[in-house]
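Asks: First, the structure itself, so that you have it in front of you.
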Amino acid sequence: MNITSRSIALALVLGLSACAQQVTTTGSSEPVVDSIPPVTVAPSVADGTYFGFVSVGEDGEKVVVDFDQAEMLSGQEAHDAAVAAGVITADEDLPNDVFIVNPDESTERVNLASDAVITMLSAEDPAATLDIDAETLGALFAGGYEGPSVYGVVPGQPMPMMVDIAGDVITAARAVYLP
């Protein structure tokens, strides 16, 4: 497999390495696991709608989200950011006209409202959506989901989503199509 520095840079920019851990040995039989980016327990994200990457877990009996806020750009702004990041040169076109900027891969732990509206994209028809509940979102993330095919979900990998935050909880989350 031929992996170019451009594809590695793009993967890093897309935040796909947000869950990576590095294991090293210290000469003893116990490996040392370097920590992943820090998680802030008290949300500091103001009320509003944001793009970012969502990882799902549980805190006791509640489904919680670790949210990594990022910025999805398009048009000239996306092209300029991709050039600045060294992903393309100034005379190249940006494939798919989308570029994600994620300079800080730290996450915020945010609770999901009990009545949160969660919308995913159908893998059979990307123009169609599937409304799911928090438990189903958790099952999708964990890889234990059994139901209609969902587009763009890789178990254990952060999912690109738009989230609505109000009063320190996520009230809605919508999957984002990434070309």
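Any read-out appearing in this document is the output of simple, stated calculations on the displayed coordinates, not a laboratory observation. Just so we're clear, the structure is a prediction, and the values are computed from it rather than from any experiment. For neighbour counting, all protein chains shown are included, and Cβ atoms are generated from backbone atoms with ideal geometry for every residue, glycine included.
Asks: Could you pull the Rg and Dmax for the stretch 52-129, using just the Cα atoms, both in Å?
Replies: 16.8, 52
Asks: Would you work out if the stretch 85-132 is rounded, prolate or oblate? Take a ≥ b ≥ c from the square roots of the eigenvalues of the alpha-carbon gyration tensor; rounded if a/c is under 1.5, else prolate when a/b is larger than b/c, oblate otherwise.
Replies: Cα axes put the stretch 85-132 in the oblate bin.
Asks: Further question: What number does the stretch 48-179 give for Rg over Rh if you use C-alpha atoms and the Kirkwood radius? Before the final figure, lay out the partial values.
Replies: Values: Rg = 15.8 Å, Rh = 15.7 Å.
Result: Rg/Rh = 1.01.
Asks: Let me ask you something else. Give the Rg (one decimal place) followed by the Dmax (whole number) of the stretch 111-169, computed from C-alpha coordinates and expressed in Å.
Replies: My reading of the Cα-based Rg and Dmax gives 11.6, 35 Å.
Asks: As an exercise, identify the GluC sites (Glu not before Pro) in the stretch 121-179 lying in DSSP coil whose Cβ has no more than 14 other Cβ atoms within 10 Å.
Replies: Values: sites: GLU124, GLU135, GLU146; in loops: GLU124, GLU146.
Those satisfying the criteria are GLU124, GLU146.
Asks: Hey, got a sec? Which chymotrypsin sites (Phe, Trp or Tyr not before Pro) in the stretch 121-179 land in a DSSP loop and have at most 15 other Cβ atoms within 10 Å?
Replies: TYR177
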